[in-house]
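Here the structure comes first, spelled out in structure tokens, and everything after it is commentary.
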Amino acid sequence: MDATAREIASQPDVWGRGLALADEARSLLAEPGERTLYLGCGTSWFVAQSLAELRESAGLGESDAVCASEYVPRRRYDRVVAITRSGTSTEVLEALRAVPTGTKRVAVTAVSGEAVDDLVDARLLLDFADETSVVQTRFPTTVLAAARTAWGEDLTAAVADGREALTCDLPADPASVDHLVFLGTGWTVGLAHEAALKVREAAQAWSESYPARDYRHGPVAVAGPRSLVWSFGAVPESLDDVARSAGAAAYRDARDPLAQLVLAQRFAVALAAHRGLDPDQPRLLTRSVVLA
């Protein structure tokens with residue numbers, strides 16, 4: 001088993017450790033009523049999107065998400081939370097340096113002693129969720145598991161679903177799929193984006209992701225018999241018929257969305273194997289983007 005597959009398989013156990021940090025996460029990810037910005041790059045940006053929607057929908061305060069490379073300090077926030085597994089991504093560090101004085105700055109990271117530590121007031125350290133793989137899997141899902149628990153959800157069933165997602169059949173034979181589309185709604189839009197990124201990173205395959213109802217507004221036009229349209233969370237079932245009308249296969253299940261992402265990660269690794277690729281050595285990618 002390669003490193004990426006091992007880290008995928010470790011997730012339910014690692015989530016359990018993240019849930020134990022709910023009190024710390026509750027105080028660091030934002031106090032109720034604060035205007036909060038979550039930022040990150042790549043996978044961490046998609047986590048930021050999910051965090052912002054989860055927090056605001058829980059009634060805890062206005063919450064935004066932005067790609068760190070696009071951050072401009074125009075709006076006033078009480079707190080800026082940077083998601084950065086390595087603590088070294090150049091765009092994240094630059095964004096934190098641009099945060100106005102008086103705004104509380106927090107990092108969620110898997111590594112201590114890195115450059116981000118000097119730019120924040122506090123840190124949520126998930127070093128037990130760190131990864132050797134370039135392709136992120138358990139760090140982002142553990143961030144979300146800890147946050148959901150901190151904001152009042154019981155993830156007991158989600159952990160059980162995660163274990164089931166490690167052993168259940170894949171939704172399709174990777175040999176039959178050339179094109180994947182992931183759909184989400186609410187906080188699972190971020191998960192859809194992350195699933196599509198995993199397919200691109202690990203398998204160098206064509207993948208897309210959209211807010212679910214937007215799929216009808218153009219993207220469905222490229223679907224065909226070798227497309228798989230995969231829904232995360234409470235996506236309207238009518239969109240399965242839209243996918244099938246284009247000749248595509250449609251997939252959804254009733255597991256917790258984090259467990260659904262685990263299954264998508266497994267599919268990305270299986271697709272990589274089918275294409276003769278090593279997900280531990282993704283093309284043109286490094287663990288952290290550090291610019292000269």
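For Thr109, Thr103, give me the order by solvent-accessible area with a 1.4 Å probe, most accessible first, ignoring ligands, DNA and RNA. Walk me through the numbers before you get to the answer.
Working: Thr109 0, Thr103 20 Å².
Solvent-accessible surface, decreasing: Thr103, Thr109.
Between 0 and 90 degrees, the angle of helix 156-165 with respect to the longest Cα principal axis of the chain falls at about 40 degrees. Return the loop-located GluC sites (Glu not before Pro) in the range 195-243 (DSSP other than H, G, I, E, B) with at most 15 other Cβ atoms within 10 Å of their own Cβ; answer none if there are none. Of the GluC sites (Glu not before Pro), the ones in loops of the range 195-243 whose Cβ has at most 15 other Cβ atoms within 10 Å are Glu237.
Taken about its Cα centre, the chain carries a charge dipole of roughly 460 debye when the Cβ of each Lys and Arg holds +1 and the Cβ of each Asp and Glu holds -1. In the calculated pair-distance distribution of the range 71-139, the portion above 16 angstrom amounts to 45 percent of the Cα-Cα pairs. The heavy atoms of Thr132 offer some 110 square angstrom of accessible surface to a 1.4 angstrom probe. Our note on the geometry: Cα centres of the range 49-93 and the range 189-240, 24 Å apart. Principal axis extents of the Cα atoms in the range 146-281, from largest to smallest and rounded to whole angstrom, are 40, 35, 22. Binning the C-alpha pair distances of the chain at 5 Å intervals from 0 yields a P(r) profile of 1, 6, 13, 17, 19, 17, 13, 9, 4, 1, 0 %, listed from the shortest bin outward. Full extension of the chain between Glu94 and Arg75 gives 5.1 nm of extra length, using 0.36 nm per residue less the Cα-Cα distance. Think of a 1.4 Å ball rolled over the protein heavy atoms: the range 1-51 then has 36 Å² of accessible area per residue. Note on the chain: helix-only mean residue ellipticity at 222 nm, from DSSP H runs of 4+ residues weighted -39500 (n - 2.57) and normalised by residue number, equals -11500 deg cm²/dmol.
For the range 20-68, take N as its residue count and report Rg(C-alpha) divided by 2.2 N^0.38 Å.
Values: Rg = 10.5 Å, N = 49, 2.2 N^0.38 = 9.7 Å.
For the range 20-68, the normalised Cα radius of gyration is 1.09.
Once divided by 2.2 N^0.38 Å, the Cα radius of gyration of the range 1-155 becomes 0.97. Between the range 256-292 and the range 101-170, how many Å separate their Cα centres? A separation of 17 Å, based on Cα centres.
Here the extension length gained between Thr167 and Thr101 equals 18.9 nm, from 0.36 nm per residue of separation less the Cα-Cα distance.
Figure note: Arg283, Arg244, Arg226 ranked by solvent-accessible area, largest first, 1.4 Å probe, ligands and nucleic acids not counted: Arg283, Arg244, Arg226.
The 3J(HN,Hα) values that the Karplus relation (6.51, -1.76, 1.60; θ = phi - 60°) gives for the range 84-94 are, in residue order, 7, 4, 8, x, 10, 4, 4, 5, 5, 5, 5 Hz. Gly and Pro appear as x. On a 0 to 90° scale, report how tilted helix 257-274 is relative to the longest principal axis of the chain, with both axes built from alpha carbons and the result rounded to the nearest 10. The two axes meet at around 60 degrees. Surface calculation, 1.4 Å probe, protein heavy atoms: Lys104 sits at approximately 80 Å² accessible.
The values are calculated or read from the model by the stated rules, or taken from the named source; none is laboratory data. Computed from a prediction, not measured in an experiment: that's the story for all the values here. In this analysis, Cβ positions are derived from the backbone assuming ideal geometry, glycine residues included, and neighbour counts consider all displayed protein chains. Surface accessibility is based on the protein's heavy atoms, side chains included, excluding ligands, DNA and RNA. Shrake-Rupley method; radii C 1.70, N 1.55, O 1.52, S 1.80 Å.
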